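Notes for the one structure printed next.
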Amino acid sequence: MTVESETSVLSAQGLCKEYGKGAALVRAVQAVTLEVERGELVAVVGPSGCGKSTLLHLLGGLERPTAGSVRLGGSALERMPEAQQARIRRRDLGFVFQAFHLVDELTALENVELPALLAGASPRGARARASELLAQVGLADRASHLPSALSGGQQQRVAIARALANEPLLVLADEPTGNLDSSATTELLRLFEQLHARGQTVVVVTHDERIAATADRLISMRDGAFVDETKLAGGTARPLSAMAGLEA
Amino acid sequence: MVPLGQVVQLEKIEPLQGYKLRIVQEVVLALLAKQASHGYQLQARLALALGPLGGALNAGHIYVTLGRLEKADLVRARRVDQAGRPDRKVYELTAAGRERVHEWLSDTSWPKPAPAEFHLKLVAAAAAGLADPVRLIDKQRGELLVGLREAQRAALAEPAGSVAGLLLEGVVLRLQADLRWLEECARYWNAAKG
Ligand SMILES: Nc1ncnc2c1ncn2[C@@H]1O[C@H](COP(=O)(O)OP(=O)(O)OP(=O)(O)O)[C@@H](O)[C@H]1O
Ligand SMILES: [Mg+2]
């Protein structure tokens, strides 16, 4: 029996994922245990192939673990029928995955409002929220563009806005800045900081130091396992002269 | 002309309540090169020149700095009498002070980068079996990330085109470079562990 904190949004116990058999066996995720508190921003970093994406898929119920369990908002994903799992994924989770395609036939705005409409929001409310989200990711002027008329980075920002449409319990993001240039990354950083300030719970896999720096907690993964966990203490802002190293 | 030793000595003076004295001295000298000033005037000019960087600099800093520069014969004070009020000192550069400003402007030395020292720490820790280099790297990464967060938050709060934003961008880029190098270190020392 594991003790679960009251404020825990996500709780994973002894998660394992294996692919293949015998000589081809890959232990993509090994005995991972993770508690994420409400409002926490957790970053997972580690070398390519260490199992970060696989872990996010397990956390979001997109793949079933070989062993272990995932609880989201207190309910155990693996005990639910698939239909109920799908409903929870739609309502409580926001996914930002690198290969998470937008609907080609819908405009940016329509893509962003889709999850809210599917969850039963009023068309007017869904549209207002979608417009606001597009503005937050710096794409207010691209609302009526089809995905094919957007750059890769812009499509990714639409996907991020879409992930936030239902004010999900938890956002799972896999390399959200993967295709973004430096100024687009800055826009995304701003968004991450705002989300964080508003208490959105996020687990993000990233290679980008700037995104990792927004986290409350940094987890290093190697060979499928967690090898280090660092709390990034808040730290009050120092004067500019101190940050710039002008003070001894 | 001031003997060279004395000029070099300047850089070894204790930090002035937080501020690195050397750079304050250089800026004061540069401002005086344009125009002799009395202390109060100089403080106002410095505040203007430094903008948001000058926040923690007070009159005391400036008088201490001027006193030291005077002692090093880089500036000299002239007494100017004022009708009905006590004399005041106007500071101006000496020939040596002027020389020093030129040296400063043409000096291309760059602050010592962090890698060499940290690298040696890792090498020594591994060689002596004192600590796991990978653990040291993890700890260092946490420290740098906290610094990066602080700087990038401050940068995000700056309006576009602000001079403080420009400076913070430099701080952010530098920390990013250090963090990337730490990842290379982690890769190397993980492989070395086998
Ligand atoms: N469907 C699959 N079948 C077999 N092996 C897989 C499968 N998916 C992932 N793997 C393997 O599992 C390991 C972890 O992969 P994963 O995609 O989670 O890594 P990652 O940390 O996200 O890497 P990157 O940073 O490159 O995205 C890799 O060795 C990968 O080859
Ligand atoms: Mg991946």
Does A:Thr33 satisfy the criteria of being more than 18 Å from the chain's Cα centre (by Cα) and among the polar types (S, T, N, Q)?
-> no
If you scan segment B:112-130, which residues turn out to be within 14 Å of chain A (Cβ to nearest Cβ) and either among the acidic types (Asp, Glu) or farther than 17 Å from B:Glu184 by Cβ (or both)?
-> B:Lys112
By residue number, the members of segment A:163-206 that are among the small types (Gly, Ala, Ser) and within 16 Å of ligand 1 (Cβ to nearest atom) are A:Ala173, A:Gly178
Only one of A:Ala126, A:Ala135, A:Ala121 is surrounded by fewer than 21 Cβ atoms within 10 Å (Cβ to Cβ) and assigned to a helix (DSSP H, G or I); which?
-> A:Ala135
Pairs where the first residue, in segment A:225-248, is closer than 16 Å to B:Leu175 by Cα and the second is modelled with pLDDT of 80 or more and among the polar types (S, T, N, Q), C-beta under 9 Å, 6+ apart | A:Leu232/A:Thr214
State whether the residues of segment A:55-64 include one that is more than 18 Å from the chain's Cα centre (by Cα) and at pLDDT below 90.
-> no
Has segment B:108-128 got any residue that is basic (Lys, Arg), in the same structural domain as B:Gln176 (by TED's automatic domain parsing), in a helix (DSSP H, G or I) and closer than 24 Å to A:Leu41 by Cα?
-> no
Have a look at B:Leu175, B:Leu148, B:Leu167 and point out the one that is within 7 Å of chain A (Cβ to nearest Cβ), under 20 Å from A:Ala43 (Cβ atoms), buried (at least 18 other Cβ atoms within 10 Å of the Cβ) and not acidic (Asp, Glu).
-> B:Leu148
Taking into account only those residues within segment A:24-52 that are outside any strand (DSSP E or B) and away from ligand 2 (no atom under 16 Å from the Cβ), which is surrounded by the fewest Cβ atoms within 10 Å (Cβ to Cβ)?
-> A:Ala24
Scan segment B:37-88 for residues that are modelled with pLDDT of 85 or more, touching a strand residue (DSSP E or B) at 6+ places or on another chain (Cβ under 8 Å) and among the polar types (S, T, N, Q) and report the count.
-> 2
Restricting attention to segment A:47-60, the residues that are within 6 Å of ligand 1 (Cβ to nearest atom) and not polar (S, T, N, Q) number exactly 4
Subset of segment A:146-198 (residues that are charged (D, E, K, R) and over 19 Å from B:Leu156 (Cβ atoms)) | A:Arg162, A:Glu167, A:Asp174, A:Glu175
Residues of segment B:41-71 satisfying the condition of being free of Cβ contacts under 8 Å to residues at least 12 places away in the same chain and in contact with a helix residue (DSSP H, G or I) (Cβ under 6 Å, 6 or more places away or on another chain) = B:Ala47, B:Gly54
For residues in segment B:1-25 being in a helix (DSSP H, G or I) and crowded, with 19+ Cβ neighbours inside 10 Å, which is modelled with the lowest pLDDT?
-> B:Leu21
Mind checking whether some residue in segment A:167-175 is outside any helix (DSSP H, G or I), within 14 Å of another protein chain (Cβ to nearest Cβ) and modelled with pLDDT of 85 or more?
-> no
Taking segment A:214-246, which residues are under 20 Å from A:Val202 (Cα atoms) and hydroxyl-bearing (Ser, Thr, Tyr)?
-> A:Thr214, A:Ser220, A:Thr230
Sole miss for A:Glu229 among (1) away from ligand 2 (no atom under 16 Å from the Cβ); (2) within 14 Å of chain B (Cβ to nearest Cβ); (3) surrounded by 17 or more Cβ atoms within 10 Å (Cβ to Cβ) is condition (3)
Of the residues in segment A:181-209, those that are within 16 Å of ligand 2 (Cβ to nearest atom) and surrounded by 20 or more Cβ atoms within 10 Å (Cβ to Cβ) come to A:Val203, A:Val204, A:Val205, A:Thr206, A:Asp208
Odd one out for B:Leu136, checked against (1) out of contact with any strand residue (DSSP E or B) (no Cβ under 9 Å at 6 or more places or on another chain); (2) within 14 Å of chain A (Cβ to nearest Cβ); (3) closer than 28 Å to B:Val172 by Cβ; (4) surrounded by fewer than 17 Cβ atoms within 10 Å (Cβ to Cβ) | (4)
State all residues of segment B:94-116 that are within 30 Å of B:Ile137 (Cα to Cα) and surrounded by 10 or more Cβ atoms within 10 Å (Cβ to Cβ); if no residue qualifies, say none.
-> B:Pro113, B:Ala114, B:Pro115
Pairs under 6 Å by beta carbon, first residue touching a residue at least 24 places away in the same chain (Cβ under 8 Å) and within 21 Å of B:Arg174 (Cα to Cα) in segment A:187-212, partner in a strand (DSSP E or B) and β-branched (Val, Ile, Thr), six or more apart or different chains?
-> A:Ala212/A:Val45
Looking only at segment A:84-91, decide whether some residue is in a helix (DSSP H, G or I) and in contact (Cβ under 8 Å) with a residue 60 or more places away in the chain.
-> yes
Take segment A:138-151 and flag every residue that is exposed (fewer than 13 other Cβ atoms within 10 Å of the Cβ) and without any contact (Cβ under 8 Å) to a residue 40 or more places away in the chain.
-> A:Asp141, A:Ser144, A:Ala149
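The values are calculated or read from the model by the stated rules, or taken from the named source; none is laboratory data. Note that the coordinates shown come from a computational prediction; the quantities given were computed from them, not determined experimentally. Note that each Cβ is placed from the backbone with ideal geometry, even for glycine, and that neighbours are counted across all protein chains shown.
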